[in-house]
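Beneath this line is the structure, given in structure tokens, with notes to follow.
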Amino acid sequence: MTLRYKIITYLGRTPDFREEVKLQDDGQGAYIKEWNITSEKAKPTDAQLTALSSQATALENNAKIDAKRQTEYLPFEDQLEMIYKDQKNGTTTYKDHCDKVRSDNPKG
């Protein structure tokens, strides 16, 4: 699991990792180089981040599943066409497609 997801879990949102929180890895593991959001929350300690490991792992795993689902959904235009045909013909092609993508890639 990455430090990035621990920080997202700690903040309860995704920060701007170019401006608000800058991470660095000098070969011995990632660490927080800059924390520029002290007005919102203080920079977390290693212990605080470690305590969030299981939540961060779940968040990271769900992000991987979301990325996989995105590759399996049909292009937007095809989805709209399915919705139109379903409305016109009383079918469930679009719903069936979405259900299959989700069942093939379940979240934890």
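The values are calculated or read from the model by the stated rules, or taken from the named source; none is laboratory data. Fair warning: this is a prediction, and the values are worked out from it, not measured in the lab. Backbone-built Cβ (ideal geometry, glycine too); neighbour counts: all protein chains shown. For the accessible areas, the whole protein counts, side chains as well, though only heavy atoms, and no ligand, DNA or RNA atoms are used. Shrake-Rupley method; radii C 1.70, N 1.55, O 1.52, S 1.80 Å.
Brief remarks follow.
- Which numbered condition K68 misses (of (1) under 26 Å from K107 (Cβ atoms); (2) outside any helix (DSSP H, G or I)): (2)
- Any chance K68 is in contact (Cβ under 8 Å) with a residue 12 or more places away in the chain and of a type in the set (K, R): yes
- Checklist (1) assigned to a helix (DSSP H, G or I); (2) over 30 Å from D99 (Cβ atoms) applied to A63, failing item: (2)
- Lone unmet requirement of (1) surrounded by fewer than 12 Cβ atoms within 10 Å (Cβ to Cβ); (2) at pLDDT 95 or above; (3) among the charged types (D, E, K, R) for R69: (1)
- Cβ-Cβ under 9 Å pairs, at least 6 apart or on other chains, segment 90-108 side assigned to a loop (DSSP other than H, G, I, E, B), far side open to solvent by 90 Å² or more (accessible area, probe 1.4 Å): T91/K85; N105/K68
- If you go through segment 1-47 and keep only what is under 18 Å from the mean Cα position of the chain (by Cα), part of a loop (DSSP other than H, G, I, E, B) and not basic (K, R), you end up with M1, T2, G12, T14, P15, D16, F17.
- Lone unmet requirement of (1) open to solvent by less than 70 Å² (accessible area, probe 1.4 Å); (2) assigned to a strand (DSSP E or B) for I83: (2)
- Segment 48-60: number of residues that are in contact with a helix residue (DSSP H, G or I) (Cβ under 6 Å, 6 or more places away or on another chain) and part of a helix (DSSP H, G or I): 5
- Segment 1-20: number of residues that are aliphatic (A, V, I, L, M) and touching a helix residue (DSSP H, G or I) at 6+ places or on another chain (Cβ under 6 Å): 1
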